[in-house]
Amino acid sequence: MSEPRATRRVGIVGYGHLGQYLVRRLQDEGPRHGLELAFVWNRDLGKLAGMMPASLQLEDLDQADLIVEVSHPCVAQDHGESFLGSADFMVGSPTALADEATERRLRGAVERYGHTLYVPSGALWGGQDLQRMDQLGTLQALTVTMTKHPDSFRLEGRLVRGAGQGRRVLYEGPVRGLCPLAPNNVNTMAAACMAAPSLGFDGVKGCLIADPDLADWHLVEIEALGPGGFSVTSRRKNPAAQGAVTGAATFTAFWSSLLACRGHGGCVFLC
Ligand SMILES: NC(=O)c1ccc[n+]([C@@H]2O[C@H](COP(=O)([O-])OP(=O)(O)OC[C@H]3O[C@@H](n4cnc5c(N)ncnc54)[C@H](O)[C@@H]3O)[C@@H](O)[C@H]2O)c1
């Protein structure tokens, strides 16, 4: 593993809502935090034209100490392993890890190359506490329920027909089965699965609800159960513009997560 540079160079993959926000904050405040923008990569290069000097468009992955994916789950599935070969990697779309082969490959790369796979907690409240319970072997059950306005969903497969008709439970069951059906909407559930690997994508339960009365926020409810009747429940109201997939608080949460990516060696780290 190469020696960390004094200034951490950050590559951003994806230049949509989150990517543009993170690039702006890196350019404005990065130096104060010992961070510098190394490159921006987007599938649609036209989106970068005029917005980004050519020098900041990707040439070589080795330019970065940290690569941040904020594009699409397929990027971690196709390139996550090679990202980890040269840098720490923050996977902004952790629903990608519901694919067993991807999770196995990325965990293997972490051990092989000694770089850190960072999973941003997103809207997951108490992630570190869940992680601690999981490590102690006391986390017996974990359920994450997410409720949003039907317009906030980007659904796939059999869920496409489910939204838009009154308050409805769209899915209830293991998070593994839900991630491919709502890849942009359940990253918080995927983060919970990574925080609690003893339960993982098959053991953590996800419940997705469409509620037309929920115009201005997203609801995230978490229930953790432990021995002897121990239980914790949290309920987070995330303000969100009508139809927005990403809640407003998620942008600042992502920036805080990025600031926590200081290089923790070969492990998976919830940030
Ligand atoms: N972890 C969380 O809590 C959390 C919260 C919100 C969003 N997300 C995820 O972060 C990602 C970005 O969210 P967003 O709101 O900025 O989305 P967005 O649609 O605004 O932007 C995505 C950008 O990535 C680009 N892109 C898509 N596929 C690509 C590819 N294969 N290679 C390179 N670029 C590609 C698109 O052209 C677009 O510019 C999504 O996958 C979303 O699900 C995660």
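The values are calculated or read from the model by the stated rules, or taken from the named source; none is laboratory data. Just so it is clear, the model here is predicted, and its values are computed rather than measured. Note: ideal-geometry Cβ built from the backbone for every residue, glycine included; neighbour counts use all protein chains shown. SASA here: full protein model, heavy atoms, side chains in, ligands and nucleic acids out. Shrake-Rupley method; radii C 1.70, N 1.55, O 1.52, S 1.80 Å.
Residue-wise, which Karplus ³J(HN,Hα) couplings in Hz belong to region 107-112, taking 6.51 cos²θ - 1.76 cosθ + 1.60, θ = phi - 60°, and x for glycine or proline?
So the Karplus estimates, Gly and Pro as x, are 5, x, 5, 4, 5, 5 Hz.
For the chain, what ratio Rg/Rh do Cα atoms give with a Kirkwood hydrodynamic radius?
Rg/Rh: 0.97.
For the chain, take the longest principal axis of its alpha carbons; what is the angle in degrees between that and the long axis of helix 248-260, to the nearest 10 within 0 to 90?
Between helix and principal axis, roughly 50 degrees.
So, in Å, what gap is there between the alpha-carbon centers of region 159-198 and region 61-109?
Region 159-198 and region 61-109 have Cα centres spaced 21 Å from each other.
Taking amide H positions as placed 1.01 Å from N in the peptide plane, with prolines and chain starts having none, which residues 5 or more places from L37, or on another chain, fall under 5 Å of its amide H?
For L37, whose amide H was placed from the backbone, the distant partners under 5 Å are V10.
If packing is taken as the mean number of other Cβ atoms within 10 Å per residue, what is the order of 88-101, 121-134, 250-263, highest first?
88-101, 121-134, 250-263
Among A141, V169, S198, whose Cα projects farthest towards the positive end of the dipole of region 127-246, with charges put on the beta-carbon of Lys, Arg (+1) and Asp, Glu (-1)?
V169
Please list 3J(HN,Hα) in residue order for region 205-210, calculated via the Karplus relation 6.51 cos²θ - 1.76 cosθ + 1.60 where θ = phi - 60°; whole Hz, with x for glycine and proline.
3J(HN,Hα) across region 205-210, in whole Hz: 8, x, 10, 10, 10, 9.
Run lengths n ≥ 4 of DSSP H only: what is the helix-derived mean residue ellipticity at 222 nm for the chain, with -39500 (n - 2.57) per run over all residues, to the nearest 500?
Roughly -9000 deg cm²/dmol at 222 nm, from the helical runs in the chain.
Once you keep just the Cα pairs under 8 angstrom separated by 6 or more residues, what percentage relative contact order results for the chain?
20
Using the crude model of +1 on Lys and Arg Cβ and -1 on Asp and Glu Cβ, and no other charge, please compute the dipole size for the chain relative to its Cα centre, in debye to 20.
Around 440 debye, computed over the chain.
What is the angle, in °, between the Cα long axis of helix 73-86 and the longest principal axis of the Cα atoms in the chain? Nearest 10 is fine, range 0 to 90.
Result, in degrees: 40.
At 1.4 Å probe radius, can you tell me the per residue accessible area of the chain in Å²?
So the chain comes to 45 Å² accessible per residue, rounded to a whole number.
What shape does region 197-271 have by the C-alpha gyration tensor, where a ≥ b ≥ c are the square roots of the eigenvalues, rounded means a/c under 1.5, and otherwise prolate means a/b greater than b/c and oblate the rest?
Because a/c hits 1.5 or more and a/b fails to exceed b/c, region 197-271 counts as oblate.
Can you tell me what percent of all Cα-Cα pairs in region 127-246 are more than 24 Å apart?
25
How large is ³J(HN,Hα) for each residue in region 182-193, as worked out from phi by the Karplus curve 6.51 cos²θ - 1.76 cosθ + 1.60 (θ = phi - 60°), to whole Hz, x for Gly and Pro?
Per-residue couplings from phi come out as 9, x, 8, 10, 10, 4, 5, 5, 5, 4, 4, 5 Hz.
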